[in-house]
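One structure below.
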Number of protein chains: 2
Amino acid sequence: MSSQSPKGKVAAPSDSEVLAKLESLAKKLVEQMESGVPPYLVIPVRTMANTIWDRKRKLLVLGPKTARREFFDIGESKRFMQTVLMLSLIVQARREGDYPTIRELYYRGKRTIKYTDERGNKASEETWDDQRESNAVIQDIEVATGLLREHMGVTHDAKGRIVGNMIIRSKGDEIDLSKMGSGAWGIPSFVDKIEILRVEADYVLVVEKGAVFEKLNEEEFWKKNNCILVTGKGQPDRSTRRMVRRLWEEFGLPVYILTDGDSYGFYIYSVYRSGSISLSYESERLATPEARFLGVSPSDIERYELQGFTIKATERDLKRAKELMNYPWFKESKRWMEELELFLEKKEKVEIEAFAKHGLKYLSSEYIPKKIKNKQWII
Amino acid sequence: MSSQSPKGKVAAPSDSEVLAKLESLAKKLVEQMESGVPPYLVIPVRTMANTIWDRKRKLLVLGPKTARREFFDIGESKRFMQTVLMLSLIVQARREGDYPTIRELYYRGKRTIKYTDERGNKASEETWDDQRESNAVIQDIEVATGLLREHMGVTHDAKGRIVGNMIIRSKGDEIDLSKMGSGAWGIPSFVDKIEILRVEADYVLVVEKGAVFEKLNEEEFWKKNNCILVTGKGQPDRSTRRMVRRLWEEFGLPVYILTDGDSYGFYIYSVYRSGSISLSYESERLATPEARFLGVSPSDIERYELQGFTIKATERDLKRAKELMNYPWFKESKRWMEELELFLEKKEKVEIEAFAKHGLKYLSSEYIPKKIKNKQWII
């Protein structure tokens, strides 16, 4: 991976760098074959057992364990073939300037291989049976090359929205994110290809809920409070996380996460901050280890007199909260443990919208700015 | 409702018009009380029995049936109270320039009313027990006033994205939707407040899937094919539908809908085109009765040699398809009935991404442009 990009500049490797990395993986195989070595790939292991909590960097990262995937090992040859097939599809897409979705890559590589087996019988094998198999080898290629699939031009259903005092350049267009009217800029799949030309804001406010984003945007919260307003619409996608990370990393902006006061919301904060177990190899690029949880916290229920405006937690909520208490980044935070214990004790969750009890401007005029001013976030 | 707005201009009633309409509803109640008449509201009935298929206009619309909601009818007094409560919340929000979500209106109006009952016992009643009750009275106010909740400043989680050769004005910002880089303009809740200044495009292409939108946008499909590209990300929200409708109504652009080839996709087309039963009172503003279904149709499976690239339809898919065959706007279309019968016969669904079988550019270079050129859409 290329070293840290200069502030705000395009953070992605160029198309030719990407192609070179992918091709070099394939070239190794050719060299092995030419020198008579049974072909193999070395792939970092993406299991939970090889996922490490890096306390210093406050990130979930992939451990050092790798596996050799041998072509001549009968148990691995199919996965080997799938990896090489996917590699060829992605290389071809990059050479031809295509931007496939992961679902398209599945269909593009799907076919029946017919062959004669060791007993002379006709047999056939599907390249892959479902998308889980093709997705898994995309991830293998990501970890083997150190490239994200976004660098390889693979698109996804990008959900995020952003608005605020910042100017970016994307595909040659200079876009002023403070001039989006009632709307917002829809964050695309490839955030690393964006040049961030200028940011004039005091902080980034990430709101879980799309409807709350709409309300705050319509109220021009970001203008009145000089912040960048972002939503990932629930569990954020990779590009929303990457955008938030870049604003923190390259511009040093504090990042505040505002979710519902329930296990699901706490987990969304956790993903923004530390990464997810299934994508731990991407945390270094996607996580924002200094993100702060602004609310809604279980202790806010009493502090803001929201009793009677809560929802009974389900068994699933409580189970999830107990799981969170075992995550090191929660476990090592005294404040978080207090909040999670309170959640388990009271068995009540509370939504962002509940502040409407105190008036429709309370959230934007009181709760958010005062919590930030009084440093009442949790980390 | 004010008459047809001039081409592209702001299509919404002004804030003062909205306020006047809402207040006049309340004033009627005051006049009734002052003249000694037991207060009542006249509300159009939003049941399926009062939903009519307007064959001429090709729209689902609300029928003529209305109901009197009487304050002194013990069975209706709670709903009467809820309606008046919601009316007061919305009037207050408009007077103070607030943009609540429907969830906030629920919380804003939620409280316990304590009273002494007819036997002298202390009793209490919740204003509403859950959001279904508060949402229902918002809809009542919509049909009673002829205003959409968007006109009343109520926000929702807006999902849609749009990009293409058009310039709009929103909140004073002039926004060029052909200069969004890799991203797109996120369509906000209040589409009627947008001025559409200029549209230079041959048609509107609405794609169901967000990931396919990303791919086509990255490929600059809209630039190469001079169209406006829109996604509602699955089942579209009200504002995406409104935007598509405005482009058709005010600029006369043909609208093509591209979905997966399954009952869910066909229903999405149906909602864009004819409206939904639960929101039939809004069809006149949200539906695009001349929208054309571009694909993927069941007969495309053979035509484009996608056999083996399909997915087995579930019982639910088949049940849904049978239901669609009873909708008049499908029933009255010979082509649609053929396609739905083929779907039920073959029991196979097919995704947009399956065209990747023929190459990653096939969808954008062959399927979409040729289907349009050869007029192979279905209506």
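Tabulated values for the structure
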| read-out | value |
| --- | --- |
| Condition check for residue A:124: over 26 Å from residue A:231 (Cβ atoms), open to solvent by 30 Å² or more (accessible area, probe 1.4 Å) and either at the interface with another protein chain (Cβ under 8 Å from one of its Cβ atoms) or of a type outside the set (A, V, I, L, M) (or both) | yes |
| Filter result for residue B:7 (touching a residue at least 40 places away in the same chain (Cβ under 8 Å) and exposed (fewer than 14 other Cβ atoms within 10 Å of the Cβ)) | yes |
| Subset tally (residues that are open to solvent by 60 Å² or more (accessible area, probe 1.4 Å), in a helix (DSSP H, G or I) and in contact (Cβ under 8 Å) with a residue 24 or more places away in the chain) for segment B:343-372 | 3 |
| Residues being surrounded by 19 or more Cβ atoms within 10 Å (Cβ to Cβ) and closer than 18 Å to residue A:255 by Cβ - total across segment A:331-342 | 1 |
| So residue B:267, is it among the aromatic types (Phe, Trp, Tyr), within 30 Å of residue A:231 (Cα to Cα) and part of a helix (DSSP H, G or I) | yes |
| Unique match (being among the aromatic types (Phe, Trp, Tyr), within 14 Å of chain A (Cβ to nearest Cβ) and in contact with a helix residue (DSSP H, G or I) (Cβ under 8 Å, 6 or more places away or on another chain)) among B:309, B:330, B:343 | B:309 |
| Residue selected from segment B:103-121 under the condition surrounded by fewer than 17 Cβ atoms within 10 Å (Cβ to Cβ) and of a type in the set (Asp, Glu), by the criterion nearest to the other protein chains (Cβ to nearest Cβ) | B:117 |
| In segment A:238-261, the residues that are assigned to a loop (DSSP other than H, G, I, E, B) and open to solvent by 20 Å² or more (accessible area, probe 1.4 Å) | A:252, A:254 |
| Flag if residue B:112 is in contact (Cβ under 8 Å) with a residue 24 or more places away in the chain and not assigned by the TED database to the domain that holds residue B:332 | no |
| Failed item, numbered, when residue B:151 is tested on (1) touching a residue at least 60 places away in the same chain (Cβ under 8 Å); (2) out of contact with any strand residue (DSSP E or B) (no Cβ under 6 Å at 6 or more places or on another chain); (3) over 22 Å from residue B:99 (Cβ atoms) | (3) |
| Number of positions in segment A:21-36 that are among the hydrophobic types (A, V, I, L, M, F, W, C) and open to solvent by 60 Å² or more (accessible area, probe 1.4 Å) | 2 |
| Test: residue in segment A:283-296 that is in contact (Cβ under 8 Å) with a residue 40 or more places away in the chain, surrounded by 24 or more Cβ atoms within 10 Å (Cβ to Cβ), farther than 14 Å from residue A:377 by Cα and of a type in the set (Val, Ile, Thr) | yes |
| Qualifying positions in segment A:48-102 - over 14 Å from residue A:141 (Cβ atoms), over 19 Å from the mean Cα position of the chain (by Cα), buried (at least 20 other Cβ atoms within 10 Å of the Cβ) and of a type in the set (Val, Ile, Thr) | none |
| Condition check for residue B:290: of a type outside the set (Lys, Arg) and either farther than 16 Å from residue B:270 by Cα or in a helix (DSSP H, G or I) (or both) | no |
| Strands (runs of 3 or more DSSP E) enclosed by segment B:138-234 - at least 2 residues per element that are of a type in the set (A, V, I, L, M, F, W, C) and either facing chain A (nearest Cβ under 9 Å) or surrounded by 19 or more Cβ atoms within 10 Å (Cβ to Cβ) (or both) | B:161-163, B:166-170, B:184-186, B:195-199, B:203-207, B:227-231 |
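Per-residue answers, yes or no, for (1) among the aromatic types (Phe, Trp, Tyr); (2) touching an Asp or Glu at 6+ places or on another chain (Cβ under 8 Å); (3) at pLDDT below 95; (4) not in a helix (DSSP H, G or I):
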| site | (1), (2), (3), (4) |
| --- | --- |
| A:278 | no, no, yes, no |
| A:281 | yes, yes, yes, no |
| A:305 | no, no, no, yes |
| A:322 | no, no, no, no |
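For (1) over 28 Å from residue A:232 (Cα atoms); (2) modelled with pLDDT of 90 or more, each residue gets a yes or a no:
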{"position": "A:82", "(1), (2)": "yes, yes"}
{"position": "A:117", "(1), (2)": "yes, no"}
{"position": "A:133", "(1), (2)": "no, yes"}
{"position": "A:147", "(1), (2)": "no, yes"}
{"position": "A:154", "(1), (2)": "no, yes"}
{"position": "A:160", "(1), (2)": "no, yes"}
{"position": "A:170", "(1), (2)": "no, yes"}
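The values are calculated or read from the model by the stated rules, or taken from the named source; none is laboratory data. Just so it is clear, the model here is predicted, and its values are computed rather than measured. Neighbour counts are summed over all protein chains in view; Cβ atoms, including those assigned to glycine, are modelled from backbone coordinates with ideal geometry. Please note that ligands, DNA and RNA were not included when accessible areas were found on the heavy atoms of the full protein model with its side chains. Shrake-Rupley method; radii C 1.70, N 1.55, O 1.52, S 1.80 Å.
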